[in-house]
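Below you'll find the structure, written out as structure tokens, and then a few comments.
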Amino acid sequence: MKIKRVAIIFLIIPLALSAFTHLWNPVGFPDIFYDEGVYMYRAMNVLAGHGPEVGVFYDHPFFGQLFLAGTLSITGYPDSLHPKPDVHSIEMLYLVPRVLMGLLAIVDTFLVFKISERRYSTRVALLASILFAVMPITWFMRRILLDSILLPFLLSSILFAIYAKDSQNKKLFAMLSGVLLGITIFTKETAFVMIPLVAILLYQGTKNRKILLMWLIPVILIPMLWPIQSIETNQFHNFVGDILNQVHRENNNFIHIVENFFYFDPVLLILGIAGTIYAAVKRDFMILWWVIPFVIFLASIGYVQYFYWILILPAFCIAASKMIIDITSTAKKDFQNRIIFSTIAGIAIFGLTMSAFLITSNVSSQFEAASYVVQNVHNSNIPYGNNNTMIISGPEYSWLFKYVYKITDVLPDYRYLLFYHVHAEKILLINDLHFQANINNGKQIYNVYNNTSPTKKFYGGVLNYDLKQYPFTNMAVNYDGSVIEMRESK
């Protein structure tokens with residue numbers, strides 16, 4: 001009975017820490033990211049009864065938007081919030097999905113504990129789950145991202161593959177593992193690199209090729225729904241082209257996202273690398289097949305983002321914990337427990353302190369920007385009416401305007417300027433940091449930037465356009481920190 005109580009306490013500690021680091025101040029930190037708007041726009045499209053947004057651009061499979069829409073619909077979102085055009089209401093509209101991400105992170109913490117406990121020991125499980133709960137870099141999972149959505153499915157697939165080893169019903173656990181990994185890949189195609197990891201864990205546990213083949217069927221068939229849908233709608237050529245474009249486009253290279261990792265959390269990066277090297281020495285193939293193929297994949301593709309690290313954060317935490325527990329266990333028995341728990345407590349305090357500095361800050365003024373637009377744009381119910389104002393913004397705003405506040409003439413994304421001819425006489429542009437970062441991505445946007453007065457290029461004021469040169473633009477919104485203005489051009 002005492003052992004069970006201790007085990008429960010060991011589990012409650014990381015879960016409580018994870019609840020604090022992922023649910024405290026979810027809309028204050030971090031700021032609203034462009035990709036979050038993309039996934040919310042697609043989820044709201046589903047909630048509006050239009051089905052998954054597919055065929056526009058085949059960048060990722062559509063389970064993520066179905067999952068997000070399905071879970072939000074349980075709460076009656078967004079109508080249950082009775083949204084108003086004020087800052088608080090807009091914060092609440094982002095609060096709900098971000099709380100969902102926080103809950104998923106708590107589930108992830110639980111799964112990290114169970115995987116480590118089953119594979120190694122309770123001590124390793126305790127330290128690994130605490131690392132995962134409190135280390136600063138885990139703030140990535142506070143954002144509404146596909147990587148945050150798929151992680152609990154991936155970890156569950158790994159756990160069931162491990163459970164199959166000692167289970168009398170190996171086929172059931174194998175099928176559950178296969179279905180969950182299939183869903184993982186159907187959420188984001190890059191997760192296919194985890195197939196060897198789970199396959200090796202399952203085969204090591206079962207030594208049965210028939211069970212492995214049975215596991216492989218849902219792993220392949222579930223993600224195949226994505227290309228099948230494109231074939232059914234005669235869009236397969238677009239599907240292939242978009243996938244190739246997604247793979248070969250470039251932004252931040254691998255070295256850059258490694259630098260980002262070091263900037264956000266040098267301690268876990270160093271511990272994770274050291275733990276992986278230790279795993280190689282000890283021939284711990286679970287860690288090696290989890291980390292190495294994914295790192296090779298990241299280094300070989302042209303388009304990577306800092307949050308892609310989410311998929312191997314659990315592996316780094318587990319590898320570091322195994323290394324630390326093994327090293328501290330070499331101490332004399334009289335001091336062993338003290339050293340181990342002092343190490344765990346020290347890491348927990350350090351990680352919690354660093355994370356607390358982040359999650360207690362408020363860095364976003366985007367809610368003020370959205371509120372300002374909603375309060376000042378009064379379009380008619382007739383799209384493209386003569387007196388309507390066309391709103392151009394990133395998707396982090398546009399889904400609010402279109403699906404919550406029912407404003408007509410909202411461009412889903414400012415990137416549509418690359419191929420969309422704007423006929424409206426009045427245009428309102430939300431100029432945020434992401435817009436500034438992508439200013440040279442298209443001809444129209446490029447011209448807007450280069451023909452703006454150098455002293456007013458998106459800093460400290462309103463963009464004023466000469467209507468004779470730019471008849472499609474005569475209104476703009478600029479926000480810089482907490483400063484927001486809207487002004488008719490002369």
For the condition out of contact with any Pro (no Cβ under 6 Å at 6 or more places or on another chain), modelled with pLDDT of 95 or more, farther than 18 Å from TYR306 by Cα and surrounded by fewer than 24 Cβ atoms within 10 Å (Cβ to Cβ), what is the one hit in ALA161, ALA199? ALA199
Please list, ordered by first then second residue, the pairs with beta carbon atoms under 7 Å, 6 or more apart or interchain, first in the stretch 80-106 and in the same structural domain as SER148 (by TED's automatic domain parsing), second in a helix (DSSP H, G or I) and among the basic types (Lys, Arg). ARG98/ARG142; MET101/ARG142; GLY102/ARG142
The correct count of residues that are free of Cβ contacts under 8 Å to residues at least 40 places away in the same chain, farther than 19 Å from VAL295 by Cβ and surrounded by 23 or more Cβ atoms within 10 Å (Cβ to Cβ) in the stretch 164-196 is 4
Failed condition for ASN464, given (1) at pLDDT 70 or above; (2) more than 25 Å from PRO83 (Cα to Cα); (3) in a loop (DSSP other than H, G, I, E, B); (4) not hydroxyl-bearing (Ser, Thr, Tyr): (1)
Restricting attention to the stretch 396-434, report how many residues are modelled with pLDDT under 90, surrounded by fewer than 21 Cβ atoms within 10 Å (Cβ to Cβ) and assigned to a helix (DSSP H, G or I). 5
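Yes/no per residue for (1) surrounded by 15 or more Cβ atoms within 10 Å (Cβ to Cβ); (2) without any contact (Cβ under 8 Å) to a residue 12 or more places away in the chain; (3) outside the structural domain of ALA133 (by TED's automatic domain parsing):
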| site | (1), (2), (3) |
| --- | --- |
| SER321 | yes, no, no |
| THR328 | yes, no, no |
| GLY346 | no, yes, no |
| SER371 | yes, no, yes |
| ASN376 | no, no, yes |
State yes or no: is VAL112 in contact with a Cys (Cβ under 9 Å, 6 or more places away or on another chain), of a type in the set (A, V, I, L, M), buried (at least 17 other Cβ atoms within 10 Å of the Cβ) and assigned to a helix (DSSP H, G or I)? yes
The stretch 128-158 - residue that is more than 20 Å from PRO61 (Cα to Cα) and under 14 Å from the mean Cα position of the chain (by Cα) and, of those, surrounded by the fewest Cβ atoms within 10 Å (Cβ to Cβ): TRP139
Being outside any helix (DSSP H, G or I) and not hydrophobic (A, V, I, L, M, F, W, C) is the filter; apply it to the stretch 10-31 and report the residue that is nearest to LEU111 (Cα to Cα). PRO26
Out of (1) at pLDDT below 90; (2) surrounded by 13 or more Cβ atoms within 10 Å (Cβ to Cβ); (3) polar (S, T, N, Q), the odd one out for ASN362 is which? (2)
Those residues of the stretch 370-390 which are under 16 Å from PRO83 (Cβ atoms) and aliphatic (A, V, I, L, M) amount to ALA370, VAL373, VAL374, VAL377
Would a scan of the stretch 43-58 turn up a residue that is touching a residue at least 12 places away in the same chain (Cβ under 8 Å), in a loop (DSSP other than H, G, I, E, B), more than 21 Å from VAL404 (Cα to Cα) and out of contact with any Phe, Trp or Tyr (no Cβ under 6 Å at 6 or more places or on another chain)? yes
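The values are calculated or read from the model by the stated rules, or taken from the named source; none is laboratory data. Worth saying up front: this structure is predicted, and the values here are computed from it rather than measured. A quick note on method: Cβ atoms are made from the backbone with ideal geometry, for glycine too, and the neighbour counts reach across all protein chains shown.
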